[in-house]
Structures are given as structure tokens and as C-alpha cells.
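The structure under discussion appears below in the form of C-alpha cells.
The values are calculated or read from the model by the stated rules, or taken from the named source; none is laboratory data. In this text the structure is predicted, and so the values were computed from the model without any measurement. Here Cβ is always computed from backbone atoms with ideal geometry, including for glycine, and neighbour counts include all displayed protein chains. These accessible areas exclude ligands, DNA and RNA; they are computed on the full protein's heavy atoms, side chains included. Shrake-Rupley method; radii C 1.70, N 1.55, O 1.52, S 1.80 Å.
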Amino acid sequence: MTGFDVHDHRHELKQLRDSGRTSLWENREAMACPVCDDVFSRLFVTRQAGTTFPENDGARFCLLRDDDAVYLFRH
């Protein structure tokens, strides 16, 4: 597994939100998750030390930690 750079995949993703420290993206091209190789639906990126997630619908997700960010892939 290698690192992941949102900017390398910008043409496959649609940005839904960006606060400067966090961002939310939609997978528009059925791109595979770099952690498990399954297609993911959303990508959450944070550069904060801690982030609280609201309750979800039980959907599976994968985390990828990079040098300067944590990536959450929701399936």
C-alpha cells in the first residue's frame, strides 16, 4: 500500500466540502480504495489531530494514514 494524494485523483473526485483543515469528496469514477481495493463512495480527509464523526448507517470504511493527513474511505 502506498500513500494517497487527493490532487493526483482530482479528476475522479468531486469536492463536497472544504473547511481548510478537513475536506469531503465524492468518488465519481468508481475508483478503488487504496487500502482494500473495493470501490468507495466518499472520502474524508483531515489534517486535524482529532476529529469527531457523527453516527453513521453502519457502512464500512477504511483509514489510510499519510505523513501529513488521515484519509477515510466510506464504502
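Only Lys, Arg, Asp and Glu count, each charged at its Cβ (+1, +1, -1, -1), so figure out the dipole size of the chain about its Cα centre, rounded to 20 debye.
240
How much area per residue is accessible in the chain when the probe is 1.4 Å and only protein heavy atoms are counted (Å²)?
Here the per-residue accessible area is 69 Å².
Rounded to the nearest percent, how much of the accessible area of the chain (1.4 Å probe, protein heavy atoms only) is carbon and sulfur?
45
Compute the orientation-averaged projected area for the stretch 21-75 from the convex hull of its Cα atoms and round it to one decimal in nm².
Hull-based average projected area comes out at 4.0 nm².
Could you work out the relative contact order of the chain, using alpha carbon pairs under 8 angstrom and six or more residues apart, expressed as a whole percent? Before the final figure, lay out each step's value.
Working: 121 pairs, mean separation 20.1, N = 75.
Here the relative contact order equals 27 percent.
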